[in-house]
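Enquirer: So that we are looking at the same thing, I have put the structure below in structure tokens.
The values are calculated or read from the model by the stated rules, or taken from the named source; none is laboratory data. Since we're looking at a predicted model, the values are computed, not measured. Cβ placement follows ideal geometry from the backbone for every residue including glycine, while neighbour counts extend to all protein chains displayed. The protein model used for the area step is the full one, side chains on, heavy atoms only, and it has no ligands, DNA or RNA in it. Shrake-Rupley method; radii C 1.70, N 1.55, O 1.52, S 1.80 Å.
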Amino acid sequence: MNESLKKEKERWESTTLKKVIDRFPERKKEFRSYSGIPIERVYTPLDIEGFDYLSHLGFPGEYPYTRGVQPTMYRGRFWTMRQYAGFGTAKESNQRYKYLLSQGQTGLSIAFDLPTQMGYDSDNPLVSGEVGKVGVAIDSLEDMEVLFSGIPLDKVSTSMTINSTAAILLSMYMAIAEKQGISFNKLRGTIQNDILKEYIARGTYIYPPRPSMRLITDIFEFCSRNIPRWNTISISGYHIREAGATAPQEIAFTLADGITYVEAALSKGLNVDEFAPRLSFFFNAHNNLLEEVAKFRAARRMWAKIMKERFGAKNPKSMMLRFHTQTAGSTLTAQQPDNNIVRVTIQALAAVLGGTQSLHTNSRDEALSLPTEDSVRIALRTQQIIAYESGVPETVDPLAGSYFIEAMTNRIEKEAWEYIDKIDKMGGMIKAIEEGYVQKEIQDSAYQFQKEVEEKERIIVGVNEFKIEEDIKPKILKVDPEIERIQIERLQELKKKRDNRAVKSALSTLKDKAKTDENLVPYIFDAVKAYATLGEISDVLRDVFGIYEEKIFI
Amino acid sequence: MNRRLRVLIAKPGLDGHDRGAKVIARALRDAGMEVIYTGLHQTPEQIVETAIQEDVDVIGLSILSGAHIPLFKRVMDLLKEKGAEDILVFGGGVIPEDDIPVLESFGVKKIFTPGTSTREVIEYLEEYFKNGRN
């Protein structure tokens, strides 16, 4: 059939096509995807030669999971609509969460401020000006009690964007559950807990890679035995993409991080099927709709192969790549900010067509400041319109079988494997990060992108084309500077009223244990329950583990 | 000009978003300037110390976390304290319109907001120093 098709295509090119193209040349000599992958004029079965439905796609909920991890996907239930939120004090964030839940949001996603993410208390002089800015400030269990006040932890699933201090925040969450009388096996949620991408792209690291990996595998082990429904990590390509990576780089580096976590857990003596089912992922959705859909499908197929073939997983759940998606903050423009609603819609659609398990849609004003409540509501409504009005969720993986989508899925997979092979040859991801290889690849892509925008090889509506004179003064949300003072006062109050002997003893035990191979989670849990602060616990570990020095180059 | 413009690109505070800082650093370097990039998580003290040690003409501060007002102010105060207020300071990042006059009142010369091309930054610096350094 391919021979005759090839002939037919040549005939079409030399007749029907030629007639038109001679008179009306195409817009460009070369068409490329957002990531630079060449795009052909038209795709036919010739572009997916060797395509085998059962081995390449299979059925939804079955290996290699190209079509999705559940057999019914959104016919069963929609993705979790989960807006990342949090700012100021625990009390204000608690009110925002209750508002979001009342508006039909189905899961919480906690944004912590940078001091909380980097293991500093609010009264540390290093963090002056940062308290409560990009998320909620949490210094101790006392703040966490306020944050979840009136929110029963067995009724929500909670995602926490927390990495180097993940064990502390998880311990606080467990302590709240205890106080609410909820058993750990009813807790559902995710901690990001992905340190490798912090070194690569996001920057909230504290300790060097080795002790950081130990904390992560301690969490894997602890959770698999105590909090069975908790996602112990969210292996994140999101920030790698935001930093400038292409779509194939995003999934390649993320899956290479995933491989590193699996290897670390295996070398700790864990059984692959004991922890792998709780690994989850987090990807970015950009504007290039079809490339993004292909990316999600390629990632799923690759992870299934990695788990089955490389790590010998037996449990199908270990092979399923479940992921959260967030729309791309870096694509939002400060110019004509309402246009961002449209960008977010396309990106959200890509995530849904790509089979995401949960989704955050960005707000239109994020290139200007923290989002206002109005903007957050529109962002959530965007998801609801896709869910209830677009019809897209009514069938599983609706774009499968498109010659273009399948060819693109194959192409992205191929490029990503090439990166993974290269990283393997370099001695693994930690090596590749320490040598700056991954960061350099991403920086090159980011710089290339910027040059193309400036040379108008890429058009960004409202930025380098279709500009208007405008006075951008939208209503924006500002965090009250008083928050820092209030938070510091609370913290100092706490340090007076808690049992300081118990704190000291818990911290000294933690320090001793940090020097051994013992799992640290139970000791961090004890310290948290004694109301040791996040900064105190982090300082103990800094003393033992040291801190990470960034490799700088431009 | 008898020597190339020396620029320090710095990331004050805890913010980890360095895509813009790195793109700017590279664009300025490609435009012929000598560029030093501090890396993440710099205190104002560290930034000012590096600037003086490296004898730079320009400091570019990049911040997307919303903590720009106190951090920029501290950098400017320290520069004055050390008698280095002749160093041109510009900034970039997610900075609301309303905050720009506040930053300028500290002595920050120019704020570039999202969507600015690297060309604009280069032209701004070239124009500023067209009559040599003072």
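Enquirer: What about B:G39, is it at positive phi and facing chain A (nearest Cβ under 9 Å)?
Expert: Yes: the conditions hold for B:G39.
Enquirer: Pull up the stretch A:122-153, narrow it to residues that are closer than 18 Å to A:P481 by Cβ and open to solvent by 10 Å² or more (accessible area, probe 1.4 Å), then point me to the one that is farthest from the other protein chains (Cβ to nearest Cβ).
Expert: Only one residue tops the list, namely A:D123.
Enquirer: Which residue is nearest to A:L126 (Cα to Cα), if the candidates are limited to the stretch B:8-29 and must be open to solvent by 30 Å² or more (accessible area, probe 1.4 Å) and more than 7 Å from chain A (Cβ to nearest Cβ)?
Expert: By that ranking, first place goes to B:H17.
Enquirer: Considering each residue of the stretch A:183-213, count those that are open to solvent by 20 Å² or more (accessible area, probe 1.4 Å) and more than 17 Å from A:L279 (Cβ to Cβ), and give that number.
Expert: Of the residues in that region, 8 qualify.
Enquirer: While we're here: What helices (runs of 4 or more DSSP H), lying completely within the stretch B:18-87, carry at least 3 residues that are out of contact with any strand residue (DSSP E or B) (no Cβ under 9 Å at 6 or more places or on another chain) and among the charged types (D, E, K, R)?
Expert: Filter on the stretch B:18-87 gives B:68-81.
Enquirer: Let me ask something else. Does the stretch B:91-107 hold any residues that are assigned to a loop (DSSP other than H, G, I, E, B) and within 13 Å of chain A (Cβ to nearest Cβ), and which are they?
Expert: Hits for the stretch B:91-107 are B:V94, B:I95, B:P96.
Enquirer: Report, by residue number, each residue of the stretch A:316-337 that is of a type in the set (A, V, I, L, M, F, W, C) and either within 12 Å of chain B (Cβ to nearest Cβ) or under 14 Å from the mean Cα position of the chain (by Cα) (or both).
Expert: A:L321, A:F323, A:A328, A:L332, A:A334
Enquirer: Does any residue of the stretch B:49-62 turn out to be within 11 Å of another protein chain (Cβ to nearest Cβ) and open to solvent by 40 Å² or more (accessible area, probe 1.4 Å)?
Expert: No.
Enquirer: Out of A:D444, A:D480, A:D499, report the one residue that is at pLDDT 95 or above and either under 29 Å from the mean Cα position of the chain (by Cα) or of a type in the set (A, V, I, L, M, F, W, C) (or both).
Expert: The unique qualifying residue is A:D444.
Enquirer: Under 6 Å between Cβ atoms, which residue pairs at least 6 apart in sequence (or on different chains) link something in the stretch B:66-84 that is within 8 Å of chain A (Cβ to nearest Cβ) and more than 26 Å from B:P114 (Cβ to Cβ) with a partner that is open to solvent by less than 50 Å² (accessible area, probe 1.4 Å) and small (G, A, S)?
Expert: No pair meets every condition.
Enquirer: Go through the stretch A:338-352 residue by residue and tally those that are open to solvent by 20 Å² or more (accessible area, probe 1.4 Å) and either of a type in the set (A, V, I, L, M, F, W, C) or within 14 Å of chain B (Cβ to nearest Cβ) (or both).
Expert: Matching residues across the stretch A:338-352 total 6.
Enquirer: From the list A:E242, A:E274, exactly one residue is within 14 Å of chain B (Cβ to nearest Cβ) and surrounded by fewer than 24 Cβ atoms within 10 Å (Cβ to Cβ). Which is it?
Expert: When all the criteria are applied, what remains is A:E242.
Enquirer: A further question on this structure: Pairs, please: C-beta under 6 Å, at least 6 apart or cross-chain, first residue closer than 22 Å to A:K511 by Cβ and more than 14 Å from every other protein chain (Cβ to nearest Cβ) and in the stretch A:543-554, second outside any loop (DSSP other than H, G, I, E, B) and of a type outside the set (A, V, I, L, M)?
Expert: A:F545/A:P211
Enquirer: Moving to a separate point now. Can you name every residue in the stretch A:417-446 that is in a helix (DSSP H, G or I), more than 14 Å from every other protein chain (Cβ to nearest Cβ) and out of contact with any Lys or Arg (no Cβ under 9 Å at 6 or more places or on another chain)?
Expert: Hits for the stretch A:417-446 are A:W417, A:E418, A:Y419, A:I420, A:D421, A:K422, A:D424, A:K425, A:M426, A:M429, A:K431.
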